[in-house]
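Encoded as C-alpha cells, the structure appears first; notes follow it.
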Number of protein chains: 2
Amino acid sequence: MNVPGPLNPPVRLLLGPGPSDAHPRVLRAMATPLLGHLDPQFLEIMNAAQEMLRSAYQTKNQVTFPVSATGMAGMETCFVNLVEPGDRVVVCAAGFFGQRMVEVANRAGAQVTVLERPWGEVFDFQQIRETLQKVRPKLLAIVQAETSTGAWQPLEGLGALCHEFETLLLVDAVTALGCIPVALDAWQIDAVYSCSQKGLSCPPGLSPVSFSSRAVEVFSKRKTKVQSWYFDVNLVEHYWDSDRFYHHTGPITMVYALYEGLRLVLEEGLEARWARHRRNHEALKAGLKALGLTYTATEGHQLPQLNAVRVPPGCEDLPVRKRLLTEFGIEIGGGLGEFKGKAWRIGLMGYNSRPDVVLLFLGALEQCLTSQGVKVQAGAGVAAANRTYLG
Amino acid sequence: MNVPGPLNPPVRLLLGPGPSDAHPRVLRAMATPLLGHLDPQFLEIMNAAQEMLRSAYQTKNQVTFPVSATGMAGMETCFVNLVEPGDRVVVCAAGFFGQRMVEVANRAGAQVTVLERPWGEVFDFQQIRETLQKVRPKLLAIVQAETSTGAWQPLEGLGALCHEFETLLLVDAVTALGCIPVALDAWQIDAVYSCSQKGLSCPPGLSPVSFSSRAVEVFSKRKTKVQSWYFDVNLVEHYWDSDRFYHHTGPITMVYALYEGLRLVLEEGLEARWARHRRNHEALKAGLKALGLTYTATEGHQLPQLNAVRVPPGCEDLPVRKRLLTEFGIEIGGGLGEFKGKAWRIGLMGYNSRPDVVLLFLGALEQCLTSQGVKVQAGAGVAAANRTYLG
C-alpha cells in the first residue's frame, strides 16, 4: 500500500461534551520517553498520581486508581466488580448515560430496576428513598453530571440514605471530576468512575475509579469470579498497591498525562477551579440567553462545564455545527438519544473554561445563527457575557 | 497536599519484554493537539490507521481495529466475543501467556482443555490434530511469540488444520506484530490480538485485533450477549466501520501514536523489518553465547525480538539487572512464572532492534556479569557480535 503522509490534523477548539482540549503542559508530558511499567521510578510516578487522584476525589480511599481504558471501562469495572449474577440494582436514568448503566448492569447479571425522570431533570431523594424501601437493592447507581442533558444531580446526603438500606452508592462522575465538587468521603460514595479527557484536560484513555472500604469488602467477599479478567479490581489493585504485581502493562504515557493533568488541578486548587468553571458558565449562559437560547436542564441544576441548549425553532442543527467547525475550528456536541438534532452541548471543561473561549464562542455562534436566518441582536451574546464578567 | 514536582523520569533503554522504547517520531506525534473523536478529520486518521494495520497483519479482514486498552484487553476481547458459555476451547500453553489464556477463557464461560508443553518448547501439529479430533472445540488458542520463554511457535498450516475440524484459530501475536511475520490470511487465522508497545514502538495502551469473516459470522450469530459491553466487537465495530456510531470515546492520542508507528513499519517494509530483527538477533545471540549464556527456548524456535536466556550458574538475577539499570539505564526483564529468578529476557523490538543497542548491551552485560564474579572472556560478547555483523 501507499504509506499515508505524516499526521497533520487541523487545529480545533474542543467545546463539545468531551474530549476537551488537553492542556499544553499535558501534551508536552506525553512526549516524554517511556519508563518500564515496573521501573522503580515509574512506580513513584504512579504513587504520586494516585495520591493526587485521592485529593481530586476528596477521599482517603486506598483503592483509587485509573483503569487502563476509557471512561466507559470505568463504568463496566464498577458494575462487574460490585455485582454478582442475580443481585438487585437500581439505576437512576434521566439521560443517555443513565440508560447506558442499565445495559452494563444487565450484562453483569444484575436484576435491574430503572428509576426514571424526564431528560433534563434530576432525582429527588424522596423518590429514591421509596424505591430503596421497596427494592432493597445491593447497589444504587446515579449520574452526577448527565452529559446528554447538562443536568447536575445533587448527591450530598445520598450516600447516607443508601446506607440506611445497606445499599452501595455508585456514581458516574465522568463529566464532573475537575469541574464541580465530587466529595467521595463527605458524601459517602462507595464507588465512582470518571475519565481523563474532560475536567482533567488529558487525552481520553484512562478512567479514574475509587472504592470505599464498604465496596472493597463487597468485592473481596464475592462468591463468583469477576466475569472480566481485565477489569477485576482484586487483580488490578495488586499492580497499583505496594505489591506491584504484574497484571497488565500500564499505559505509561497516559499515566504521565494524568500526572500532569492532576498537578494542574491541585496547583490551581479545587475551590478555585470550581469557581472558575462557575464564573465562565455564568458569562456563557448570559450570552446564550441574550442570543435567545434556552437550557435543556432544569434551572438551578445546570452543569457549569456542560451547557446543553435547545436548537432554536426554525434553525437546523447540522449547518450551524458545520459552520462552527469549518469557519472557526470549533467543535460543539449535537444531541444524543432523545435530544438528537434538538440540542447543542457546549463544554467549558478544565483548561477550556476560560473567558477568551467564552467570548470567541459567543461571537462565532452569533455569526453561525445569523447565517442560518435566526434573528439575533447583533453583539448581544458577547455584550451579555462581558457584563457578567465585569459584574 | 503538596503538589509533586514536574515529571522528570530518568532516561532508559527498554530492552525487556515490553514496553520497548517508543520511536522518537511516535513521541512527537503524541504531543499533537486533540481532534474530537467524531471529527471528520479524525475519522480519516482512523481509516488510514486501519488500512495500515491490515497491511501489517497481511490481511483483508474488514473487522480490524485497535481495542481501546492494552494487550490483555485484546485477549479478553477475542475470548468474550467468540466464546459463549459452555463452548469447548483448547488452549495451547507452554508458558505464562498460554496459561493466562486459560484463565481468561474460563471467565468467558468456556469448557477449557489445556494442551501443554514444557516451557520453552513449541507445539507440533500432530499433537494438536489429535486433540482437535478428540475435543472438537469451537476454538483453539495459541501463542505465536511466548514472551515468558522466547519460543517462536510456527503457525503456517495451523489454520487449515483447525478448519478441518470446524474450529476457529485464535492467535496471541502480542510480541510478534512488527517483528516477525503474522500472515493472517495466508495462515487462515480467525482472530488475533497484539499490542502497541513492542514491535510497533508505540506506548502501551492499544491492542490491535482482527477477525476473519468466519469469526465475524460466529459472533454475529451469538445466542447470548457478549458479557462485556466495552469489549463487544459488534458494538465497537460500528464506531470503527463507516457507521461511526458513538460507542466510547476513542483514545485519540494513542491512535495518533499507532498511526505514526504503523507508518514507520510500512516505510521500512515488512520484509526489511523482519530481516533487521533477524540480523540483530543473530549478532546478539553470538555475543550472548560468547559470554557463556544459553537460551531457554528450543534451538530453531527462538524469537529474534525476545531473547530469553538462563541466569548463569552461581550468578544472582537481581544484582545484574539492578546494575544494568543504575549504571547504564538499561532495563531487561526477569523471568516470569516457572522462570522467575532463573531467566533474563532481552527484547530487541521495533525501533530498539539496532546494532548500536546490541553492542552497548553486550558491553554493559559483560561488566555486570564480571562484577558478580561470573567468569567471562573480556570483550568476547562484543567481538562475537561484530564478527556476525561483518559476516
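For residue A:236, the conditions (1) closer than 20 Å to residue A:62 by Cβ; (2) touching a residue at least 24 places away in the same chain (Cβ under 8 Å); (3) not in a helix (DSSP H, G or I) all hold with the exception of (3).
To keep it simple, each residue is scored yes or no on (1) closer than 23 Å to residue A:108 by Cβ; (2) assigned by TED's automatic domain parsing to the domain that holds residue B:182; (3) charged (D, E, K, R).
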residue	(1), (2), (3)
B:204	no, yes, no
B:208	no, yes, no
B:211	no, yes, no
B:256	no, yes, no
B:278	no, no, yes
B:286	no, no, no
B:293	no, no, no
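Against the test of being closer than 30 Å to residue B:268 by Cα, in the same structural domain as residue B:102 (by TED's automatic domain parsing) and surrounded by fewer than 20 Cβ atoms within 10 Å (Cβ to Cβ), the options B:166, B:156, B:116 yield a single qualifying residue, B:156. Scanning the range A:248-262 for residues that are in a helix (DSSP H, G or I), over 12 Å from residue A:46 (Cβ atoms) and facing chain B (nearest Cβ under 7 Å) yields A:253, A:260. For the range A:348-363, a tally of residues being among the small types (Gly, Ala, Ser) and surrounded by fewer than 20 Cβ atoms within 10 Å (Cβ to Cβ) returns 1.
Look through the range A:195-230, keep the residues that are among the hydroxyl-bearing types (Ser, Thr, Tyr) and not in a loop (DSSP other than H, G, I, E, B), and return whichever of them is nearest to residue A:58 (Cα to Cα).
For the range A:195-230, the residue satisfying everything is A:210.
Filtering A:141, A:176, A:186 for residues that are part of a strand (DSSP E or B) and either outside the structural domain of residue A:336 (by TED's automatic domain parsing) or surrounded by fewer than 22 Cβ atoms within 10 Å (Cβ to Cβ) (or both) leaves a single hit, A:141. Restricted to the range A:296-339, and to residues there that are at pLDDT below 95 and in a loop (DSSP other than H, G, I, E, B), the residue that is surrounded by the most Cβ atoms within 10 Å (Cβ to Cβ) is A:336. Taking the criterion of being surrounded by fewer than 24 Cβ atoms within 10 Å (Cβ to Cβ), within 9 Å of another protein chain (Cβ to nearest Cβ) and at pLDDT 95 or above, would at least one residue in the range B:228-243 satisfy it? So far as the range B:228-243 goes, yes, one or more of its residues are surrounded by fewer than 24 Cβ atoms within 10 Å (Cβ to Cβ), within 9 Å of another protein chain (Cβ to nearest Cβ) and at pLDDT 95 or above.
For every residue, the table says whether it meets (1) over 16 Å from the mean Cα position of the chain (by Cα); (2) closer than 17 Å to residue B:191 by Cα; (3) not assigned by TED's automatic domain parsing to the domain that holds residue B:172.
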site	(1), (2), (3)
B:85	yes, no, no
B:94	no, no, no
B:98	no, yes, no
B:102	yes, yes, no
B:112	yes, no, no
B:120	yes, no, no
B:123	yes, no, no
B:127	yes, no, no
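The values are calculated or read from the model by the stated rules, or taken from the named source; none is laboratory data. Model, not experiment: these values are computed from the prediction. Virtual Cβ from ideal backbone geometry, glycine too; neighbours counted across all protein chains shown.
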